[in-house]
Amino acid sequence: MLLDRSFDLTLTPCTQATLSHEALRGVEQFLYDEARLLDERQYESWLALWADQSRYWVPRHHGQVNPFDQISLFWEDRMLRETRVRRLLNARNWSQQPVTRSSRLVGGVQVEGLDPQGHLIVRSKLHYSEYRLTQRDLAATVHHKLMATEQGGWRVYLKRVDLVNCDSIFANLEVFL
Amino acid sequence: MNSEELAALIRPDRVHKSVYTDTSIFELEMERIYGRAWIYVGHESQVPGTGDFHTTRIGNQDVVMVRGQDGQVHVLYNRCPHKGAKLVAEGDGCAGKFFRCPYHAWTFKLDGSHLSAPLRSGFEGTQYNPASPQFSMRQVARVELYRGFVFASQSDSGIGLRDFLGGAASSIDNLCDRSPVGEVEVAGGVFRVMQPSNWKVFYENLHDTMHARITHESSFMAAREEAEVIGEMPFELLIQDGNGEPYAFWEKLELRAYHHGHGYMEGIFDPNAATRDPVSRAHFACLTEAYGEARARDILGMNRHNTILYGSGSPHNVFQQFRVIRPLAVDRTLVEIQLFRCKGAPPEVYDRALTYANLINSPSSNVMPDDVEVYRRCQEGNQTFGGDWVSLHRYLGTDHQLPDGAVSTNGTSELPMRNQFAAWRDYMLDDSPLHADNTITSECPHHAA
């Protein structure tokens, strides 16, 4: 259910995470790979990075507590992410002709700790440029909550993107940030 | 541009493309439409306490809606009479007990009247007069509320708000009646979306049923494909799927046109869903307790999709939103998307409205970008030498005339556009019945045709 209020949105770690240098590098690489898949419009592979019960969230308000009481620029579960991808790839997607080209710069990766369910909370900075008819630049603080997989990789449980201009006037936001 | 030239741009079955592209016509619209008509400023719930303000635009004017000491809502031009600085910053806030200019500390009561200026001795022997309107913030000429919706007119005379809204007021009534106490409040924040096109294109599109399955093919196909894969069509997909209905569906819908360009379009969703879907069922039970079963059925049965209040925007009573349309330039239109909570209704009603706002009306909507794209293409295409006229021929001459407007005999009629341009013509010509000195509303010529 999209508005499942039990979904754990907290970004405050309850326990410390101790990661080896190699594991930390793995987390960073995961974030870089995610950005790369979006830049290269490899949406199917990007969808596969997500856990089953997971949410992509871009709040509309600074310091927004939840997506239930207030509107959000994006609040998407797997079904809605898949639907967005289907539209982006549909041959009659008039507003994607030409497509949105994008370039993401991810940096300042910091491991914050673990949430009560053991998800790894990772904070990073995103500088995002896109071009479709005109150029647009966006900047954000991003929080990922990552689930460890049995194979030693990661799946995204929550990706929260806090845009510096979330309260601005926007032209269409068609692609994931 | 004189009246004869303006009149020549509007014909019963077509309009000249310059109405969308000519900056001098846009300037004239600001004066003659937005300077005269009742324009929605905001909802009084946006300024709940004394001194609370909300800034917005009426046509090309920056205004501030504020709650006064006496509890009344005032609408003032956002200008200090001293040097002209805007008194308050863009957005929402609280001025406290009075406005204070950040430039030289002139202060004004919340109704805009002059309170004080520092070092008054400096004005001795001058024409400075705190009692003169020249030294106060100017109020917009007329302000009226309709069930909490605040409208203002920059013209000091003309028809009242209720007469202006005509039959379209029933959509506001229905939006409010969906609350068991008959009241709504703006909740959850407001989206603001920019469209690179003329404001009238959006109004026309709101009741354009022929575009739905063409323009929106990518989004309704995406919703359908997803529903097939997951084996169900939940609300989130249903509202993206609606545009994919076949032509036969749209032909059966009712389009209602009222004077002054207003109107509504019948709903896309089944009104009898009240007894099937759990959210509607809970809502129905709540309204039955408040109003009785028959009235509750009537309220939830008023199944309208977009309503048009020409010059203000488009309320959506079924999902409690209001897309407020603010023209910024001949080719630039700001849309403020408000979401309402029906006071006292079950929380799921708000949840559903919030989901509708997020998925359909937000900048990240899967549906709207294709609209915005075709609006832009119209804006740019109409600047080529490829032709001079925009066609409004569909089902011309078949619309059924009513004392207060017309109703379509076919849901794909371009009646709404013809009705909007009949109103446009009334506003824009010198002999307009909407002018301050011509208070009698005449039958619009196109309805009579």
Heavy-atom accessible area order for B:PHE151, B:PHE235, largest first, 1.4 Å probe: B:PHE235, B:PHE151
HN-Hα J couplings of the stretch A:49-56 from phi, Karplus 6.51/-1.76/1.60, θ = phi - 60°, integer Hz, Gly and Pro as x? 6, 9, 6, 4, 8, 8, 9, 10
The simple spin-label model distance between B:GLU225 and A:ARG5, using points 7 Å out along Cα→Cβ, in nm, is 3.6 nm
Using a 1.4 Å probe on the heavy atoms of the protein chains only, list every residue of the stretch B:346-362 that has 40 Å² or more less accessible area in the complete assembly than in its chain alone. B:ASP351, B:LEU354, B:ASN358
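Given a Förster distance of 35 Å, report the FRET efficiency between B:PHE249 and B:ARG11 from their Cβ-Cβ distance, rounded to the nearest 0.05.
Once the sixth-power term is evaluated, E becomes 0.70.
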Over the Cα atoms of the stretch A:21-163 the radius of gyration and the largest Cα-Cα distance (Dmax), both in Å, equal 15.4, 47
Would you mind giving the total buried accessible surface between chains B and A, with a 1.4 Å probe and ligands, DNA and RNA left out, rounded to the nearest 100 Å²? 3300 Å²
Report, as a whole number in µm² per second, the diffusion coefficient that Stokes-Einstein gives for the stretch B:307-375 at 37 °C and 0.692 mPa s using the Kirkwood radius over alpha carbon pairs. 252 µm²/s
Looking only at the stretch B:160-203, which residues have a backbone nitrogen under 18 Å from a spot 7 Å from the Cα of B:ARG295 in the C-beta direction? B:170-184
Placing one identical point scatterer on every Cα of chain B and ignoring solvent, what is log10 I(q)/I(0) from the Debye formula at q = 0.11, 0.12 Å⁻¹? -0.91, -1.07
Pair B:GLU232, A:ALA91: separation of 7 Å Cα→Cβ label points (nm): 3.3 nm
Per principal axis, descending, Cα span of the protein assembly as shown in whole Å: 79, 73, 60
Given a 1.4 angstrom probe, I'd like the percentage of the accessible area of the stretch A:21-163 that is carbon and sulfur, rounded to a whole number. 48 percent
Within the stretch A:21-163, percent of DSSP bridges classed antiparallel, to nearest 5: 90 percent
Residue-wise HN-Hα coupling along the stretch A:115-128, computed from phi with Karplus coefficients 6.51, -1.76, 1.60 (Hz; x: Gly, Pro): 8, x, 8, x, 6, 7, 9, 10, 10, 8, 10, 10, 10, 10
For B:VAL63, list long-range residues whose amide hydrogen, built 1.01 Å from N in the peptide plane, is under 5 Å from its own amide hydrogen. B:THR56, B:ARG57, B:ILE58, B:ASN78
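Cβ under 11 Å from B:ASN174's Cβ, B:ASN174 left aside: what net charge do those residues give with Lys, Arg +1 and Asp, Glu -1?
Values: positive: B:ARG147, B:ARG178, B:ARG304; negative: B:ASP173, B:ASP177, B:ASP298.
Taking every Cβ under 11 Å from that of B:ASN174, the sum is 0.
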Pairing the Cα long axis of helix B:347-356 with the longest principal axis of chain B, what angle in degrees results, from 0 to 90 and rounded to the nearest 10? 90 degrees
The stretch B:343-371 scanned against label point 7 Å out from B:GLU185 along Cα→C-beta; backbone N under 18 Å for B:343-354
If you wrap a convex hull around the alpha carbons of the stretch A:80-177, what volume per residue comes out, as a whole number of Å³? 137 Å³
On Cα atoms only, tilt of B:278-291 relative to the major axis of chain B in degrees: 60 degrees
Quick one: angle between helix A:78-89 and the longest Cα principal axis of chain A, in degrees between 0 and 90, rounded to 10, please. 30 degrees
Taking 0.36 nm per residue of separation and subtracting the Cα-Cα distance, what length does fully extending A:LEU24 through A:SER129 add? 35.2 nm
Counting only protein heavy atoms, what percent of the accessible surface of the stretch B:63-158 is carbon or sulfur at a 1.4 Å probe? 48 percent
In sequence order, what are the phi-derived ³J(HN,Hα) couplings for the stretch B:332-337 according to the Karplus relation 6.51 cos²θ - 1.76 cosθ + 1.60 with θ = phi - 60°, rounded to whole Hz, with x for glycine and proline? 8, 9, 9, 10, 9, 9
In nanometres, the difference between 0.36 nm per residue of separation and the alpha-carbon distance of B:HIS211 and B:ALA105 is 32.8 nm
Please calculate how many Å² of accessible area chain B carries per residue, with a 1.4 Å probe and no DNA, RNA or ligand atoms counted. 39 Å²
Could you tell me the calculated FRET efficiency between A:ARG136 and B:GLN401, based on Cβ-Cβ distance and R0 = 51 angstrom, to the nearest 0.05? 0.60
Accessible area (Å², per residue) of the stretch A:21-163, counting only protein heavy atoms and a probe of 1.4 Å: 43 Å²
Around A:TYR157 (Cβ within 12 Å, Cβ-to-Cβ, excluding A:TYR157; K/R +1, D/E -1) the net charge comes to +2
For B:GLY49, the net charge from surrounding residues (Cβ-Cβ under 12 Å; K, R +1; D, E -1) works out to -1
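The values are calculated or read from the model by the stated rules, or taken from the named source; none is laboratory data. Everything quoted here is computed from the prediction, not taken from an experiment. Positions of Cβ are generated from backbone atoms using ideal geometry, with glycine treated the same way; all protein chains shown enter the neighbour counts. Ligands, DNA and RNA are stripped out before the accessible areas are found, and what is left, the full protein with its side chains, is counted by its heavy atoms. Shrake-Rupley method; radii C 1.70, N 1.55, O 1.52, S 1.80 Å.
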